[in-house]
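A.B. asks: Provided herewith is a single structure, encoded as structure tokens, for subsequent inquiry.
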Amino acid sequence: MATENKNLSEYDKATIPNAKNLRFGIVVSEWNSQITEGLYEGALEALVDCGAIKENIIRWNVPGSFELTYGSKKMIETQQVDAVIAIGSVIQGETKHFDFVCSATAQGIKDLNVLHDTPVIFCVLTDNNMQQAIDRSGGKHGNKGAEAAVAAIKMAVLGQ
Ligand SMILES: Nc1c(NC[C@H](O)[C@H](O)[C@H](O)CO)[nH]c(=O)[nH]c1=O
Ligand SMILES: CC(=O)[C@@H](O)COP(=O)(O)O
């Protein structure tokens, strides 16, 4: 099912555990910050809506999506969080760099989920253009940050 057929911000709180006793790390890429800030706000709003306490949500910034793996790794190792949300926005440019950044970031975050016992949620938009990114970070298709927040809560509880 494509995103256009599913609003990213829709969730049923009745199916989500209460997050009041959970600690979250959110690592945010500074590349395309107008997009990543929207994703962050969507994630934060959904976490709090599901019971999370703002004091239990730690935010770090990294330069770009490629650095999300390292930032998430250090978050896990030093902050005793129950889940990490890795937020990025990669937008196709003129070259193949998009492919390498997307692949490396996805593989790196996948590897963290294998190597560590703390779930890391892949909240990285990989879009052909800015409009697609806008549509998925609070626009007509909702906010992938909200989707990631729900996944973080569910995976944190699953991992306990
Ligand atoms: N073009 C985008 C990048 N590129 C930067 C890399 O993520 C990385 O920071 C750099 O190669 C240094 O290691 N990053 C994004 O997040 N989004 C882009 O569209
Ligand atoms: C995803 C990227 O690194 C890309 O936006 C960089 O643009 P370009 O491929 O034109 O160098």
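A.B. asks: Under the definition of Cα pairs under 8 Å and six or more residues apart, what whole-number percent is the relative contact order of segment 21-156?
C.D. replies: In percent, rounded to a whole number, it is 34.
A.B. asks: According to the Cα gyration tensor, what semi-axes, each the square root of 5 times an eigenvalue, does the equivalent ellipsoid of segment 100-151 have, listed from largest to smallest in whole Å?
C.D. replies: The three semi-axes for segment 100-151 are 23, 15, 4 Å.
A.B. asks: To the nearest Å, what is the center-to-center distance of segment 86-113 and segment 28-82, using C-alpha atoms only?
C.D. replies: Here the answer is 16 Å between Cα centres.
A.B. asks: On the full set of protein chains, 1.4 Å probe, figure out the accessible area of residue 136 and give it in Å² to the nearest 10.
C.D. replies: 50
A.B. asks: Given the Cα-Cα distance of residue 20 and residue 95 and 0.36 nm per residue of separation, how much length would full extension add, in nm?
C.D. replies: 22.6 nm
A.B. asks: Compute the signed sum of charges (Lys and Arg +1, Asp and Glu -1) over the other residues within less than 12 Å, Cβ to Cβ, of residue 150.
C.D. replies: -2
A.B. asks: Now, a different point. How long is the gain from residue 13 to residue 58 if the chain were fully straight, where each residue apart is worth 0.36 nm and the alpha carbon distance is subtracted?
C.D. replies: My answer for the length gained is 13.9 nm.
A.B. asks: Another question, then. Put 31, 60 in order of accessible area, largest first, 1.4 Å probe: what do you get?
C.D. replies: 31, 60
A.B. asks: Output the Cα-based Rg and Dmax of the chain in Å, rounding Rg to one decimal and Dmax to a whole number.
C.D. replies: When restricted to Cα atoms, the chain yields Rg and Dmax of 14.6, 45 Å.
A.B. asks: For the chain, which whole percent of the accessible surface, found with a 1.4 angstrom probe, sits on carbon and sulfur atoms?
C.D. replies: Result for the chain: 52 percent of the exposed heavy-atom area is carbon or sulfur.
A.B. asks: Could you check what % of the DSSP bridge pairs in the chain are antiparallel, to the nearest 5?
C.D. replies: Counting DSSP beta bridges with both partners in the chain, the antiparallel share is about 10 percent.
A.B. asks: Turning to a different aspect of this structure: Averaged per residue, what accessible surface does segment 21-156 expose to a 1.4 Å probe, in Å²?
C.D. replies: That works out to 46 Å² for each residue.
A.B. asks: Put a dot 7 Å past each Cα toward the Cβ at residue 78 and residue 104; how far apart are the dots in nm?
C.D. replies: Label-label distance for residue 104 and residue 78, simple model: 2.2 nm.
The values are calculated or read from the model by the stated rules, or taken from the named source; none is laboratory data. As the structure is a prediction and not an experimental result, all values here were calculated from the model. Every residue, glycine among them, receives a Cβ derived from its backbone with ideal geometry; neighbour counts consider all protein chains shown. Note: areas computed on protein heavy atoms with side chains; ligands, DNA, RNA excluded. Shrake-Rupley method; radii C 1.70, N 1.55, O 1.52, S 1.80 Å.
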